[in-house]
Amino acid sequence: MTAGVATASAATERPAPHVPPRTWISIFGRMLAIQGAWNYESLLGNGIGFCVEPALQLLPEGPRSPEYRAALARESHYFNAHPYMASIAVGALARAELDREPPERIERFRTALAGPLGSVGDRLVWAGWLPFCSLAALAIFGLGASTGVVVGFFLVAYNIGHVVLRVWGLRMGWKHGLRVASALGNPVFRRGPQIIGRVAAFATGAAIPLALGRIIGPGRSLLGLDLAGVAVGSFILVRLQGRIEGWRLSLLLLAIIALISVIR
Amino acid sequence: MIVEVIDLVPLAMLGGLLGLDVVSFPQAMISRPLVAATVAGALIGHPSSGLLVGAALELIALETLPFGASRYPEWGSASVVGGAIFANNPEHAAGAMTLSVLAALATTWIGGWTMVKLRQLNAVWAGRKRAALENGSRRTVIGLQVQGMTADFIRGAGLTAVAYALLAPLAAACIALWSTDARLSRAMVVGLAASVAGGAAWKIFHSTSGALVLFAAGLGLGIFLVFLR
């Protein structure tokens, strides 16, 4: 982490300003829409300003004051992070603004925090928790579970992780302010992706034959043949990695199959 | 088969909502095919059919996780289209799954392109309001968020309506002419989907220590359970 983030701020040693529950609820609600105006120029920037804004209304000078406007403009600049991990930034930036940290220190903090919040979130959520929940739900589907159980399991399991991460991030950010970088050293972020990766690898192995079995229906010969085909197909796709995406290849092959099946 | 507007409206609304979930709001993964196709199937009256095609699509979707600013297919609206087309054939006629997955993949491709266009549009809107943003205008910051989300909803709803209106009659016509055996057709689709999932899982987990052994253990258990049933 860079010096800008590591710099201890005397201001964050002070007791945290009081934030009414209504403001916290507003901030959390807005965090669910943090990517609403996502674009290729400011990325998540406007979303950060949108989420921090309810806290900025608590500035002593009040909303619509020059201080409020300067802070909102500052917080709406370019920012990039994983959308769930951005809650750490939202909490920390809200605290920094209410603690009246110098603007240049806030700018440095924003620059330094963006990268780590993106990479940690990608590894933990997109390459860990999401595929794990998806594969576990597919395994449950393959075991013959009902529609409600499969969909319910996926949504509940995934969103427990999702909501907990957002709430924890907001709390950590608010608690530590500009010193929140230490929160990224949490064991969950260091070891979590590895542990989830192992469990997900097991779930992948179990889910593929189970899901195949349920979709194809009874009959072992066709299933055995299909499993062999999957092994070959997966190997080919791994070898072609970077040259063609599997979903595009599937689109092409399915179009050919459809054409043959209709014309013949 | 001609799609009636009255049938199209609920599906378009659902496609809009689930398309919104992919990036804009609330990213609770209700847009994943396993969920989206099932809900679309439920809307047609056959949730279990939606789940079946949703599971096949979910296997393919494992390859395209929403990493950062990368361009990826949009599964929410596409799964609604695929789920609804398959649920229109509750007897699972030969070719129904192939054509439903094909329709969903075609829609997801277009959906990914529309998402890129929306992001470019968001940048244009933000550029026009640059002075107000630099001035810390609350109305502008909130307005851009609301405008982006509204546009995303319209994008998803429009995409779903157009894709379903075009592809559902086409699928129905193709099913009437389909000559390949129903189980074989399904086996080919799901085999292809599982191959994509296998390749994707390798990409995601191959660097994790012990993942290969655990994958093999899971595979052994899965095959044992399948042949036990």
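The values are calculated or read from the model by the stated rules, or taken from the named source; none is laboratory data. Since the structure is predicted, the reported quantities are computational estimates derived from the model, not experimental observations. Here the Cβ positions follow ideal geometry from the backbone for every residue, glycine too, while neighbour counts run over all protein chains shown.
Values for this structure:
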read-out: Residue match in the range A:152-174 (condition: in a helix (DSSP H, G or I), at pLDDT below 90 and surrounded by fewer than 20 Cβ atoms within 10 Å (Cβ to Cβ)); value: no
read-out: Sole residue being more than 30 Å from A:Glu67 (Cβ to Cβ), of a type in the set (A, V, I, L, M, F, W, C), at the interface with chain A (Cβ under 7 Å from one of its Cβ atoms) and in a helix (DSSP H, G or I), chosen from B:Ala151, B:Ala168, B:Ala176, B:Ala217; value: B:Ala217
read-out: Residue list for the range A:139-167, filter: among the hydrophobic types (A, V, I, L, M, F, W, C) and free of Cβ contacts under 8 Å to residues at least 24 places away in the same chain; value: A:Ile140, A:Ala145, A:Val149, A:Val150, A:Val151, A:Phe153, A:Phe154, A:Leu155, A:Val156, A:Ile160, A:Val163, A:Val164
read-out: Residue match in the range A:217-231 (condition: outside any loop (DSSP other than H, G, I, E, B), more than 7 Å from chain B (Cβ to nearest Cβ), within 32 Å of the chain's Cα centre (by Cα) and free of Cβ contacts under 8 Å to residues at least 24 places away in the same chain); value: yes
read-out: Options B:Arg119, B:Arg139; residue that is within 7 Å of another protein chain (Cβ to nearest Cβ), more than 24 Å from B:Trp202 (Cα to Cα), assigned to a helix (DSSP H, G or I) and not small (Gly, Ala, Ser); value: B:Arg119
read-out: Candidates B:Ala194, B:Ala201 - the one that is closer than 20 Å to B:Val101 by Cα and of a type outside the set (Phe, Trp, Tyr); value: B:Ala194
read-out: Conditions (1) over 30 Å from A:Ala255 (Cα atoms); (2) at the interface with another protein chain (Cβ under 7 Å from one of its Cβ atoms); (3) modelled with pLDDT under 95; (4) not in a helix (DSSP H, G or I); number of the one not met by B:Phe227; value: (4)
read-out: Residue count for the range B:186-209, restricted to those that are touching a Phe, Trp or Tyr at 6+ places or on another chain (Cβ under 9 Å), surrounded by fewer than 24 Cβ atoms within 10 Å (Cβ to Cβ) and under 17 Å from A:Arg248 (Cβ atoms); value: 0
read-out: Where A:Ala94 falls short, out of the listed (1) in contact with a helix residue (DSSP H, G or I) (Cβ under 6 Å, 6 or more places away or on another chain); (2) within 11 Å of chain B (Cβ to nearest Cβ); value: (2)
read-out: Pick from the range A:18-47, criterion in contact with a strand residue (DSSP E or B) (Cβ under 7 Å, 6 or more places away or on another chain) and over 16 Å from B:Gly143 (Cβ atoms), ranking: farthest from the other protein chains (Cβ to nearest Cβ); value: A:Leu44
read-out: Some residue of the range B:10-17 being more than 16 Å from the chain's Cα centre (by Cα) and free of Cβ contacts under 8 Å to residues at least 60 places away in the same chain; value: yes
read-out: The range B:1-43, residues that are more than 14 Å from chain A (Cβ to nearest Cβ), part of a loop (DSSP other than H, G, I, E, B) and either of a type in the set (Phe, Trp, Tyr) or buried (at least 24 other Cβ atoms within 10 Å of the Cβ) (or both); value: none
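Residues checked against (1) over 26 Å from B:Lys129 (Cβ atoms); (2) surrounded by fewer than 21 Cβ atoms within 10 Å (Cβ to Cβ); (3) within 12 Å of chain B (Cβ to nearest Cβ):
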residue: A:Ala71; (1), (2), (3): no, no, yes
residue: A:His77; (1), (2), (3): no, yes, yes
residue: A:Glu101; (1), (2), (3): yes, yes, no
residue: A:Arg105; (1), (2), (3): yes, yes, no
residue: A:Arg110; (1), (2), (3): no, no, no
residue: A:Ala114; (1), (2), (3): no, yes, yes
residue: A:Leu117; (1), (2), (3): no, no, yes
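Yes/no matrix, rows are residues, columns are (1) in contact with a Ser or Thr (Cβ under 7 Å, 6 or more places away or on another chain); (2) within 7 Å of chain B (Cβ to nearest Cβ); (3) touching a residue at least 24 places away in the same chain (Cβ under 8 Å):
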position	(1), (2), (3)
A:Arg191	no, no, no
A:Ala206	no, yes, yes
A:Val238	no, yes, no
A:Leu251	no, yes, no
